[in-house]
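The values are calculated or read from the model by the stated rules, or taken from the named source; none is laboratory data. What you see is a predicted model, and the numbers here were worked out from it, not measured in a lab. Please note: Cβ atoms are built from the backbone with ideal geometry, for glycine as well, and neighbour counts cover all protein chains shown. Side chains included, ligands, DNA and RNA excluded: accessible areas come from the protein's heavy atoms. Shrake-Rupley method; radii C 1.70, N 1.55, O 1.52, S 1.80 Å.
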Amino acid sequence: MSEETSALHDSPGARLAALVERRWATVSVLILVVFVVVAAFAGIHQATMPQAQVETISPTRLHLGGEFVETNLGSAVEPDGAVTVRAVGQQYSFTPQCMIVPTDSLITFRVASPDVIHGFLIEGTNVNTMLVPGYVSTANVRFDKPGDHLMPCHEYCGVGHEGMWAKVRVIDRAEFLKMAETKPRLTCVE
Ligand code: CUA
């Protein structure tokens with residue numbers, strides 16, 4: 001080191017800068033530690049994990065057969081009383097356009113996309129995921145009171161993106177079960 005640069009390193013300004021940098025490095029490490037602790041707590045204690053199993057599906061054959069054919073879309077009551085809602089999000093709509101579900105029940109949404117990435121979000125709930133072609137997106141939710149929830153696509157998917165949205169209608173469980181007696185798949189599409 002030349003005399004000039006070593007003089008620079010010993011100047012009060014340089015010492016202050018080194019002190020500030022060390023402090024900031026300590027703060028950064030503390031922030032990282034907090035994140036790791038929060039992630040560990042969420043993962044271990046609350047069992048929130050990246051999806052444990054990934055279900056794949058052929059996006060080009062969705063409509064041809066299997067779970068996501070049009071006649072199988074909508075809400076179905078399972079033997080244990082839970083409800084499964086199957087839907088498809090494509091440019092630029094969701095099918096069904098209006099999904100109907102009961103209050104006080106475990107609702108499982110199973111949604112797939114045949115074309116590009118779409119968003120799947122139900123307002124007023126913590127359901128917020130993406131529909132990625134080739135995969136089945138699932139979300140579990142419970143509703144405790146009747147009402148309508150908007151379901152806008154929130155991933156830019158093309159020129160018609162802003163017009164892509166659907167609705168989830170929550171109705172009383174007894175009323176829902178009565179409707180389900182006569183129809184195996186329910187929607188609120190008029
Ligand atoms: Cu579909 Cu944006």
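Tabulated data
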read-out: Helix 173-182 axis, angle to the chain major axis (alpha carbon atoms, nearest 10°); value: 50
read-out: Exposure ranking of Glu70, Glu190, Glu162, Glu155 by accessible area [1.4 Å probe, largest first]; value: Glu190, Glu162, Glu70, Glu155
read-out: Cβ-derived FRET efficiency at R0 41 Å, His63 paired with Thr182, nearest 0.05; value: 0.95
read-out: Helix-derived mean residue ellipticity, 222 nm - over the chain, DSSP H n ≥ 4, -39500 (n - 2.57), to 500; value: -9000 deg cm²/dmol
read-out: Two-site FRET efficiency, Ile44 against Cys98, from Cβ-Cβ distance with R₀ of 45 Å, rounded to 0.05; value: 0.70
read-out: Percent antiparallel among DSSP beta bridges (both partners in segment 77-184, rounded to 5); value: 65
read-out: Using a Förster distance of 35 Å, the FRET efficiency for Leu106-Val33 (Cβ separation, nearest 0.05); value: 0.45
read-out: Surface accessible to a 1.4 Å probe, Trp165 within the full protein complex, Å²; value: 110
read-out: Isolated Cys residues of the chain, judged by Cβ distance under 4.7 Å to other cysteines; value: Cys153, Cys157
read-out: Net dipole in debye of the chain [+1 Lys, Arg Cβ; -1 Asp, Glu Cβ; about Cα centre; nearest 20]; value: 320
read-out: Probe 1.4 Å, protein heavy atoms only - accessible area per residue of the chain in square angstrom; value: 63
read-out: Set of segment 131-154 residues, backbone N closer than 12 Å to the point 7 Å along the Cα-Cβ line of Ala82; value: 139-142
read-out: Ranking by accessible area, most exposed first, for Val37, Val127, Val159 with a 1.4 Å probe; value: Val159, Val37, Val127
